[in-house]
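Trainee: Attaching a single structure in structure tokens format; questions to follow.
Each value in this text was obtained by applying a stated rule to the coordinates, not by laboratory testing. Please read these numbers as outputs of a predicted model, since none were measured by experiment. Every residue, glycine as well, gets a Cβ built from its backbone with ideal geometry; the counts of neighbours run over all protein chains shown.
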Amino acid sequence: MLTIDHTIRTYAGQPGCMCGCKGTYNTSVRARKMAIKALLNDPNVQFEYFIGSYEGCLSVTTATRNRVLYLNEEGVKIARSMGLKERRVYG
């Protein structure tokens, strides 16, 4: 089961650039708990593994929002064990 100990931070904002100009990054426990619940309950969640790193993320993109939960190495292992379809990207 994915817990806040397996996460690093969240991002919520408008689609497009994720440098922070269209949304915010948050490392609070509350934000990470909310993101875990929201993303794991969404059937459109995507799992991405960052090539060259041990980290990854869960994300959902809609026409109006990007929601991302960044995972540490243990979080990536748990996401894989949950059977989420994995996409490898350069991070």
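Trainee: Could you tell me which label, among (1) 11.3; (2) 5.4; (3) 6.6, carries the value of mean projected area of the Cα convex hull in nm² calculated for this structure?
Mentor: It is the one labelled (2).
Trainee: Stretched out fully, how many nm does the piece from M1 to F50 gain, at 0.36 nm a residue minus the Cα gap?
Mentor: Extending this stretch completely gives an extra 15.6 nm.
Trainee: Given labels modelled 7 Å from the Cα in the Cβ direction, how far is it in nm from Y90 to R65?
Mentor: Going from the Y90 label point to the R65 one covers 3.1 nm.
Trainee: Now, a different point. Give me the count of lysine pairs in the chain whose alpha carbons sit under 19 angstrom apart, restricted to pairs 8 or more positions apart or on different chains.
Mentor: Eligible lysine pairs with Cα atoms under 19 Å apart amount to 4.
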